[in-house]
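Asker: Dropping a structure here in structure tokens format, bear with me for questions.
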Amino acid sequence: MILHMNLPQNGYDIILERGSLKRAGELLNLNRRVLIVTDTGVPALYAQTLAAQCANPVIETVPTGEGSKSFAVLEQLCRVMMEHHFTRSDCVVAVGGGVVGDLAGFTAASYMRGVDFYNCPTTVLSQVDSSIGGKVAINLDHVKNIVGAFYQPKRVLIDPDVLSTLPARQISNGLAEAVKMSLTSDAELFAIFEDRNAIERIDTVIERALRIKKAVVEEDEKEAGLRRILNFGHTLGHGVEAQNDRNHLYHGECVALGMLPMCAEEVRARLLPVLESLALPTRIEDEMELVLDAASHDKKCKGQSISVVYVPRVGEFEIRTLPIEAWKHEIRNTVIDSGKEST
């Protein structure tokens, strides 16, 4: 299946096909120097499969985790490209999850003011969400994605076969993002989660999630308005994620926690069993004030106000702008903190 991202200047194809990684040489322009960026958490076979189809491949494997989205690793990758005489006609390919995609994409956007970028996502999270849309970034001082760009890939290859090597927790981590999109935009997709059929119907889940994000990005490529719905659950989620030195939660697990207080009560009542069925967390165990302080540094804060996405009914959304202190008060009154419900 081919989905086309219709953008005014930088449109591209998203190929959703089992076995497509083994056909990358047919589907991508690899007849040039190719920097393949992957990480230690991705089976080496995937990068090697891609490299075998390249005219002049260079594989760079970075440590797994958010720590690799740094200026130091960005510099390392750019130096490798310089040392191997990469020119503006060469390309970068990400083979991995969201961290690899963000890092490799920002490297491609930065080197010589931009070289071609392809994304071959290998996790559920990156296949349903982060591999399309053109957001690329690194972190700074524990603030996620604070340095980055909008830089669209030339093509995205989504091969569900590579998900077979993922542990169950990583699969659930990615499905949290699909749950997010179903709540704001697709009641039928949410029904798949309520019926406990998401893993058995993973290809359908990926496709429906991609169609939602594709439609949003086509209307609002650079997050001037509608695209903010993709941030549902992310403001508080990023606050939880900032405590990762202690809680060791994945991105999707943090987003799951961030969605709960941003739903109407009846939506939350349906969401809780879905999250529990996917073994996703439903309680914030960190010190709430630390989480809220970190969340208040989010890019969506402007002055003393914050824009948040709220779900009044499954498949619908509202964008609300609240004073930061009022938002914090609402969170304290609805989020379960350290296993005890606030009152």
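Asker: Read through the list (1) assigned to a loop (DSSP other than H, G, I, E, B); (2) more than 29 Å from ALA215 (Cα to Cα); (3) open to solvent by less than 10 Å² (accessible area, probe 1.4 Å), then give the number of the only condition that GLY41 fails.
Answerer: (3)
Asker: Among the candidates PHE106, PHE86, PHE117, which residue alone is part of a strand (DSSP E or B) and among the aromatic types (Phe, Trp, Tyr)?
Answerer: PHE117
Asker: Which of the residues that make up the stretch 55-79 are surrounded by fewer than 18 Cβ atoms within 10 Å (Cβ to Cβ) and closer than 13 Å to ALA108 by Cβ?
Answerer: CYS78
Asker: If I filter the stretch 113-133 for residues that are surrounded by fewer than 16 Cβ atoms within 10 Å (Cβ to Cβ), modelled with pLDDT of 95 or more and more than 20 Å from ARG155 (Cβ to Cβ), do I get at least one hit?
Answerer: yes
Asker: I'm told GLU26 meets every condition in (1) modelled with pLDDT of 95 or more; (2) of a type in the set (Asp, Glu); (3) touching a strand residue (DSSP E or B) at 6+ places or on another chain (Cβ under 7 Å) except one. Can you identify the failing condition by its number?
Answerer: (3)
Asker: So GLU194 ticks every box in (1) within 23 Å of PRO312 (Cβ to Cβ); (2) buried (at least 23 other Cβ atoms within 10 Å of the Cβ) but one. Which box is left unticked?
Answerer: If we test GLU194 against (1) within 23 Å of PRO312 (Cβ to Cβ); (2) buried (at least 23 other Cβ atoms within 10 Å of the Cβ), just (2) comes out false.
Asker: Restricting to the stretch 117-141, and then to whatever is in contact (Cβ under 8 Å) with a residue 24 or more places away in the chain and charged (D, E, K, R), can you tell me which residue is nearest to ASP102 (Cα to Cα)?
Answerer: Checking each candidate, the answer is LYS135.
Asker: Considering THR64, THR38, which residue is of a type in the set (Val, Ile, Thr) and modelled with pLDDT under 95?
Answerer: Result: THR64 is the single residue among THR64, THR38 that is of a type in the set (Val, Ile, Thr) and modelled with pLDDT under 95.
Asker: Regarding ALA94, is this residue in a helix (DSSP H, G or I) and buried (at least 20 other Cβ atoms within 10 Å of the Cβ)?
Answerer: no
Asker: Follow-up. Scan the stretch 238-265 for residues that are free of Cβ contacts under 8 Å to residues at least 24 places away in the same chain and in a helix (DSSP H, G or I) and report the count.
Answerer: Residues in the stretch 238-265 being free of Cβ contacts under 8 Å to residues at least 24 places away in the same chain and in a helix (DSSP H, G or I): 3 in total.
Asker: Count, please, the residues in the stretch 281-323 that happen to be modelled with pLDDT of 75 or more, under 30 Å from LEU189 (Cβ atoms) and not charged (D, E, K, R).
Answerer: Number of matching residues: 17.
The values are calculated or read from the model by the stated rules, or taken from the named source; none is laboratory data. It should be emphasised that the depicted structure is a prediction, and the values quoted were computed from it without experimental measurement. Counting neighbours? That spans all protein chains shown, and the Cβs are built from the backbone with ideal geometry, glycine included. For accessibility, only protein heavy atoms count, side chains too; no ligands or nucleic acids. Shrake-Rupley method; radii C 1.70, N 1.55, O 1.52, S 1.80 Å.
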